[in-house]
Structure formats: C-alpha cells, structure tokens
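See structure below.
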Amino acid sequence: MCRKPFQSLGGKICTACHERIDRDFITVRDYLDSNKGKRANLDKVAEETEVPKQILVHLLKEGRLTIDDPADSGILLCEVCKKPINTGRMCKECKAKFALRIQTNIDAQKPGGTGGQKSSLGGGSAKLQN
C-alpha cells in the first residue's frame, strides 16, 4: 500500500492500491485453488504468487483469506486478546463480547431503553444466540 495522500470518502486505501489488492487476491485465490491439498505457508504463497506478505496479511485481516491452523502459524492474532485466529481481526469470543457491548449501548439510547441493564423474560438472563 502506497501511503500517498488521497481524497477519501472513508476508506484508508487509495483506489490504485485497492485495485492492486483485488488483482493480488485473484492471483492468490487461483494459486490456492490450483494447489488444493498442498500445505502452503505465508512465505511460500508470497514467493510463488509474487504477492507481498503485507498484502497477504491485509487479505487475512479483511477476511478474504483464511489460515487452516492459526495456532501453527502465529501470523494472525486477535487484536483484543492476542489469541491466534484464522481470519479477520478478532476471535469469535471477542467479536461476541464486542457485539453485545454495542447492542447494549444501542438499547440504552432508545427511548424507554434499559439504560444498559439486561432485561429478561421468565427470570432468566439475556443471552446472545448464534
């Protein structure tokens, strides 16, 4: 990514870099599809596809690529608890906690909201369902 100044409507990547990342993703996807069943680490994929590791990590954090065994690689860690993850920026547990916190704040802002308190029916506590 170039880090050149550019006009943006909220994105952090310029149009040229965004297009390059999309092309690199297609290159990596095609490489992985044609090498199914073979183990490939970040270094090997970067070397074979000529896609920089920085772009591969970016694609992992975007959720466009995944790592089969995150504990094995140590490449991608949850940005909250530092647990190894296979894609994205947060592990499932931290995502669930984050979503609950956001929903609690939204509920507290609604007229007649619970003010951040949990509400329940039948005496049980409120739970998130997957």
Margin query: Residue under question is Ala99, and the condition is that it be under 15 Å from the mean Cα position of the chain (by Cα) and surrounded by fewer than 16 Cβ atoms within 10 Å (Cβ to Cβ); does it hold?
Written below: yes
Note to self: Are there helices (runs of 4 or more DSSP H) fully within segment 40-94 with at least 3 residues that are within 9 Å of the chain's Cα centre (by Cα)? List them.
What the structure shows: 53-62
Next item on the list: Output the residue which, of all residues in segment 49-76 that are among the hydrophobic types (A, V, I, L, M, F, W, C) and in contact (Cβ under 8 Å) with a residue 24 or more places away in the chain, is surrounded by the most Cβ atoms within 10 Å (Cβ to Cβ).
Entry: Leu60
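No value in this document is a laboratory result; all are computed from the given coordinates. From a predicted model like this one, the values you see are computed outputs, not experimental measurements. Don't worry about glycine lacking a Cβ; one is built from the backbone with ideal geometry, like all the others, and counts go over all protein chains shown.
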